[in-house]
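Okay, so here's the structure we're looking at.
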Amino acid sequence: MTSTTERTLILVKPDGVARGLSGEVLRRVEAKGYRLEAAELRTPDRHLLEEHYAEHAGKPFFEPLVEFMASGPVLAVVASGNRVIEGFRSLAGATDPTAAAPGTIRGDLGRTWDTAVTQNIVHGSDSLESAEREIALWFPAAARA
Ligand code: DAT
Ligand code: MG
């Protein structure tokens, strides 16, 4: 791929897929004007998740996070568009779904189910570097040289 359009990795996490919210997440991404480039439903293995969440290795929530993310199907999506990384983070809302603003995916559709904020429906890359790193992990064929 030679396009220079910005790309991001979006995940509908196991809680979002199990609750039937995949379509609603994709609807919001498309309604905002971003383009879907790839999508795949799969249950990620530990190795992929440990790489994906490498920045959080050693934190107290790392193990429960990896376990939760491996607990069922995840919808992995590559979306593109000008400033899509920042734009999807804005659509997703704050990490804690109880505190996330209404109007956002986490604020409208999420809540805190127990003491942790692990189940917050979606993931979105947080920088150009993490987006390209995460896309290469989840969609090796779509990685840029
Ligand atoms: P975000 O997903 O908003 O980028 P993050 O990168 O800081 O947030 O954390 C990654 C995920 O880890 C987050 O979506 C949910 C989980 N998480 C973060 N902080 C947590 C905490 N204090 N307790 C439990 N899970 C947490
Ligand atoms: Mg993050």
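Points to keep in mind about this one:
- Filter result for residue 74 (more than 9 Å from ligand 1 (Cβ to nearest atom) and touching a residue at least 60 places away in the same chain (Cβ under 8 Å)): yes
- Selection of first residues in segment 109-137 that are closer than 21 Å to residue 82 by Cβ and of second residues that are part of a loop (DSSP other than H, G, I, E, B) and within 11 Å of ligand 2 (Cβ to nearest atom), restricted to Cβ pairs under 6 Å at least 6 apart or on distinct chains, gives the following pairs, ordered by first then second residue: 131/125; 134/125.
- Of the listed requirements (1) more than 14 Å from ligand 2 (Cβ to nearest atom); (2) free of Cβ contacts under 8 Å to residues at least 24 places away in the same chain, residue 91 misses just one: (2).
- Taken over segment 83-114, the residue count meeting the criterion of being within 18 Å of residue 14 (Cα to Cα), among the hydrophobic types (A, V, I, L, M, F, W, C) and in a helix (DSSP H, G or I) is 3.
- With respect to (1) surrounded by fewer than 16 Cβ atoms within 10 Å (Cβ to Cβ); (2) over 21 Å from residue 30 (Cβ atoms); (3) free of Cβ contacts under 8 Å to residues at least 40 places away in the same chain, the lone exception for residue 49 is condition (1).
- Selection from segment 108-130 of residues that are within 11 Å of ligand 2 (Cβ to nearest atom) and farther than 18 Å from residue 64 by Cα: 124, 125, 126, 127, 130
Rule-based calculations on the coordinates, nothing more; no lab input. Only a predicted model underlies this, so the values are computations on that prediction, with no experimental measurement involved. Cβ coordinates were reconstructed from backbone atoms using ideal geometry, including for glycine residues, and neighbour counts include every protein chain displayed.
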